[in-house]
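Report on the following structure.
The values are calculated or read from the model by the stated rules, or taken from the named source; none is laboratory data. None of these values were measured; they are calculated from a predicted model. Cβ atoms come from the backbone with ideal geometry, glycine included; neighbour counts cover every protein chain shown.
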Amino acid sequence: MILCLDLGASSSKWALFVQGEMTASGSSAPLSGHLYTPQARQRMADGLAEIRAAVATRPSAVVVGLAGLQTDFVPLIVEMLSGIFQLPQTALHVTDDLHLAHAAHFSGDGPEGGGTLVYAGTGSMAYHRTAAGEVIRAGGHGFLVDDAGGAFWQGRQGLKAVLRQADRGDGGGLLASRLYEVIGSRHWPDIRAYVYGGVYGEGRAALARLAPAVYAAAVGGDADAQAIQRRAGEELARLARAVLDRSGGHELALCGGSFNPLVRAAFYTHFGEHDVTFAPTVSPLLGGLALAPA
């Protein structure tokens, strides 16, 4: 029995596999690999304990893919897992969430390794792993620097467009109404509290939660929202092209909740019919089957 955990800044998911078949799954509170403070480490311990309580039986191995993983903290996380799940450390594997998702989509058996994974969740990155384990990546620089095309970026672009409309005295159209509905107000003090009211990092999640509203406005015909979806696809295609050029590969897989149909369509327009091949999108949790300790 292999338990796989996909822990991220927006949500955490888990699945239990018995002889390669998923028999149970669930979700829990977001968790991050940024364990610099005692409070963050306690949140990680509490989150893992919550998942353990939700799993009916004790697994024989646990694989964790963690967003923002810092390698210095791997021994600490392994120690937590060993104590919480009552397993020897040899039955545990901790890696970053991109490695987990890549393993779910590509076997890595070829001479160049697997293909290139383009991930668009809260943030964005293109990720290739060679047969020798070398990682070639583009993006993934965090929301303070870039992460263009991801949910945070989409939400921020949408809110910026709406606030600029308000600056001009424009009451706004469909995009504004969709965003204000999520925020719960159209008044700046309430918007400011929504974005800046939490501790560091919560503003990122708040803006990422606006991305589905931007998509809904685009589907409804809002020109600003449609432009944001096109730009998101362009930015993600840029990441893909950068890694394909460096790796010499030609196979892509798209993964992450920010790859809505409009973003996918904009992404596809940047690749010719015979330029690349696309692997089917699957759950990153399946990567646990490939990465589980023997």
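At a glance:
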| quantity | calculated |
| --- | --- |
| Pairs, first in contact (Cβ under 8 Å) with a residue 40 or more places away in the chain in segment 126-145, second among the polar types (S, T, N, Q) and surrounded by 12 or more Cβ atoms within 10 Å (Cβ to Cβ), C-beta under 7 Å, six or more apart | Ala126/Thr116; Tyr127/Thr116; His128/Thr116; His128/Ser247; Ile136/Ser247; Gly139/Ser124 |
| Of all residues making up segment 160-179, the number that are surrounded by 18 or more Cβ atoms within 10 Å (Cβ to Cβ) and either part of a helix (DSSP H, G or I) or of a type in the set (Lys, Arg) (or both) | 7 |
| Criterion (of a type in the set (S, T, N, Q) and touching a Gly at 6+ places or on another chain (Cβ under 7 Å)) met by exactly one of Ser107, Ser60 | Ser107 |
| Residue within segment 126-142 that is surrounded by 20 or more Cβ atoms within 10 Å (Cβ to Cβ) and in a helix (DSSP H, G or I) present | no |
| Some residue of segment 262-282 being within 20 Å of Gly114 (Cα to Cα) and touching a Ser or Thr at 6+ places or on another chain (Cβ under 8 Å) | no |
| Search result, residues across segment 160-177 that are in contact with a Phe, Trp or Tyr (Cβ under 9 Å, 6 or more places away or on another chain) and at negative phi | Val162, Leu163, Ala166 |
| Verdict on Phe152 being under 15 Å from Leu207 (Cβ atoms), outside the structural domain of Gln70 (by TED's automatic domain parsing), among the aromatic types (Phe, Trp, Tyr) and surrounded by fewer than 24 Cβ atoms within 10 Å (Cβ to Cβ) | no |
| Which listed residue, of Ala227, Ala211, Ala205, is at pLDDT 95 or above and closer than 19 Å to Ala9 by Cβ | Ala211 |
| Residue check, Thr95 of a type in the set (Ser, Thr, Tyr) and either modelled with pLDDT under 95 or more than 16 Å from the chain's Cα centre (by Cα) (or both) | no |
| So Asp147, is it surrounded by fewer than 24 Cβ atoms within 10 Å (Cβ to Cβ) and closer than 30 Å to Glu202 by Cβ | no |
| Residue match in segment 146-159 (condition: of a type in the set (A, V, I, L, M) and modelled with pLDDT under 90) | no |
| Wholly within segment 1-80, strands (runs of 3 or more DSSP E) carrying at least 2 residues that are surrounded by fewer than 20 Cβ atoms within 10 Å (Cβ to Cβ) and not assigned by TED's automatic domain parsing to the domain that holds Gly203 | 12-18, 21-28 |
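Residue-by-condition table, conditions (1) part of a loop (DSSP other than H, G, I, E, B); (2) surrounded by fewer than 23 Cβ atoms within 10 Å (Cβ to Cβ); (3) in contact (Cβ under 8 Å) with a residue 12 or more places away in the chain:
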site	(1), (2), (3)
Tyr215	no, no, yes
Ile228	no, no, yes
Glu234	no, yes, yes
Ala266	no, yes, yes
Asp275	yes, yes, yes
Ala290	no, yes, yes
